[in-house]
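Shown next, in structure tokens, is the structure this report addresses.
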Amino acid sequence: MATARNPAELIRPLITPEGVDLRVKLADAGTRASAFLLDVVIIVAAAIAVTLVVIFGLGGLGVKEAEPLFIVWIIFIFLLRNVYFIAFEAGRRAATPGKRIVGVRVASRSGAGLTIDQVIARNLMREIEVFLPLSIIAARGGAGVADTLSTIFGLVWALLFSLFLLFNRDRLRIGDLLAGTWVVETPKLKLVEDLSLRKDPVARRFHFSPAQLDAYGIAELHKLEEVLRRDDYFAMKAVAETIGHKIGAKIEPIDSRTFLTAYYGDLRAHLERKLLLGNRKADKYAR
Amino acid sequence: MTLQAGTDAVRQSLASFRQEREADWKAFEALLSRVEKRAPRTLSEDELLALPLLYRSALSSLSVARATSLDSALIAYLEALSLRGYFYLYGARRGLRQRVGDFFLRDWPAAVRDLWRETSVSVALTVVGAIAGYWLVASDKRWYDAIIAPTLAGGRNPDSSVEVLRSVLYDGGSSHFLSGFAAYLFTHNTQVAILAFALGFAFAVPSVLIILMNGCMLGALFQVYAAKGLGFELGGWLSIHGTTELFAIALAGAAGMRIGTRIAFPGELTRMAAAAQAGRVAATAMVGVMVMLLFAGLLEGIGRQTITSDATRYAIGGGMLALWIAYFYLFRLVRHGNG
């Protein structure tokens, strides 16, 4: 439930002023929940640390001198609760530490720059989505008057608002809805090796005829790339057998990686040449 | 074999596509990592100029790669890199100082002006609430405990003697933690303001109730003092920070109402677009509300206990109110140009 059944459902066009579609991917509910929980852990840890310092400060100073400390403490807790999210999301990365760790950020739905009022609007709404019902439960529990009914009501409230983003296709919280924002993935990817450049002397042995290369299309090529990059012996063996069977090539079991590398290189070159000629072969069913 | 030669040539040209541009991508990635961590000031002039150029070259590489290359890892890398560059270059481009300046000179007063209808409704509701509170407590003093929570009452109730009530007004009662209490009140009031704003999306009903309730508390407190002949003195005690604070809470309620009414009656826009537009105006006003509440907290913490003359209290309270009204509603007359 936390992830969309089809990942392509979460891809949205983002046309830059230069006219290139960057195709952003919206963060799924599970990612956002883990980012939020990370942030809550950070806030609570900071609050506990500061409270401990204040308690020991109070013990050492006596009540009269402790008053300024008490004021600082109240304001600090207030800032933690209300300003933490706003300050980080208004920053250059538009993401709280929790969001940074899971690799997402806040962006404006219109594609323009994220403005500070949008950040404020989406974060003040969090107050009623999560903090209000939970703090009511906490306050009543602390006073010893928490009854089952109000606890259930508070939990249902918090749950309903947290799950709101599962019920719309753009994965919007109430806060996102009001601010005109959404949360997108910004993965940091490393530039990895180009598989077709692998120079394997053994792979030179393999030569494929045009008929053998015509057996597959782009979709299969990408699957093959995935398998090769994962570099899992058994997966490669299974794939090598399937391909060998389909194109009628005999391969020794030990050779599956070499064979797949050679076939990948030739298939890609074959399909890319077709691309240059204006013929995009989407998958093995395309003619 | 002709085919073999052909595929080799294709491989060659695609390999050179990547080899020729790889250095640019790496340079762009390194620059981005630096500016994302630190201020753009740390870049040299050449690097600053290179940034948009490298971004465009990455974008054009992406277009070429999409059209000719089937290396999905390479395309994914270029997409992620271009997206990072896009967010950096087209994200919040103005400096923080400029944004803060714009907020105080233009955005905040404009947002408050934009909310003038809701603000008048909010003020009217406060007055109605105050009258109701006054009348309720006057008719039966048991209402007082129902309206004002004992933690906020601070020992004031209809049975208190004139001396106790007077001492709260002029000596700060018996509390040793007065400024601590003021800080607590500030966070409390801010929380009330946030609720009045955030609950507004439920078609404005909760905002209206919160504002009414706030007025009610005011009226109830006033009745207790007025019954003992201290109405004028309470007015002075409240007004020194109250004009700022009540105005701020009225604005928060107005911001909430704006969101609620726009969701209920989006007009020509779609409901989503109307909600987003209202949300942004309201959020700007809300930051202003926080600033006002901070002012109110300072006035309360510093001024209320040290200034004990009724006339000075009224003067400061009235002065603050005049200042806010002038700033919000008259300020634009002074500005020239397209403001």
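The values are calculated or read from the model by the stated rules, or taken from the named source; none is laboratory data. Computed from a prediction, not measured in an experiment: that's the story for all the values here. Quick reminder, even Gly has a Cβ in these numbers, built from the backbone with ideal geometry, and neighbours come from all protein chains shown. Please note that ligands, DNA and RNA were not included when accessible areas were found on the heavy atoms of the full protein model with its side chains. Shrake-Rupley method; radii C 1.70, N 1.55, O 1.52, S 1.80 Å.
For this structure, a couple of remarks:
- With the convex hull drawn around the C-alpha atoms of the protein assembly as shown, the volume per residue stands at 222 Å³.
- Surface accessible to a 1.4 Å probe, A:H222 within the full protein complex, Å²: 60
- In the protein assembly as shown, taking the dipole from charged Cβ atoms about the Cα centre, the farthest positive-side position among B:I240, A:A282, A:V102 is held by A:A282.
- Accessible surface ranking that places the most exposed of B:S167, B:S82 first, with a 1.4 angstrom probe: B:S167, B:S82
- Within the accessible area of region A:9-183 (1.4 Å probe), percent carbon and sulfur: 75
- When the trypsin sites (Lys or Arg not before Pro) in region B:178-281 are filtered for DSSP coil states and for at most 16 other beta-carbon atoms within 10 Å of their beta-carbon, no site remains.
- Solvent-accessible area buried by pairing A with B, both sides, nearest 100 square angstrom, 1.4 angstrom probe: 6700
- A convex hull fitted to the Cα coordinates of region B:96-330 yields 126 cubic angstrom per residue.
- Along its first, second and third principal axes, ordered by size, region B:198-250 spans 41, 21, 8 Å in Cα coordinates.
- Residues of region A:100-135 that lose at least 50 Å² of accessible area (1.4 Å probe, protein heavy atoms only) when the other protein chains are present, relative to their chain alone, are A:D117, A:L124, A:I128.
- In region A:6-20, the residues whose accessible area drops by at least 20 square angstrom when the other protein chains are added to the isolated chain are A:L14, A:T16, A:P17, A:E18, A:V20; the probe is 1.4 Å and only protein heavy atoms count.
- Kirkwood-Stokes translational diffusion coefficient of region A:188-275, alpha-carbon pairs, 37 °C, 0.692 mPa s, µm²/s: 247
- Within region B:18-67, the ratio Rg/Rh, alpha carbon atoms throughout and Rh by Kirkwood, equals 1.02.
- Within chain A, the longest run free of exposed loop sites, counting GluC sites (Glu not before Pro) that sit outside DSSP helix and strand states (H, G, I, E, B) and have at most 14 other Cβ atoms within 10 Å, spans A:66-192.
- Compactness relative to 2.2 N^0.38 Å, alpha carbon Rg of chain A: 1.47
- Å² of accessible area per residue within the protein assembly as shown, as computed with a 1.4 Å probe and no ligands counted: 49
- Near the amide H of A:T181, within less than 5 Å, lie the amide hydrogens of A:R109, all on another chain or at least 5 residues away, with H placed in the peptide plane.
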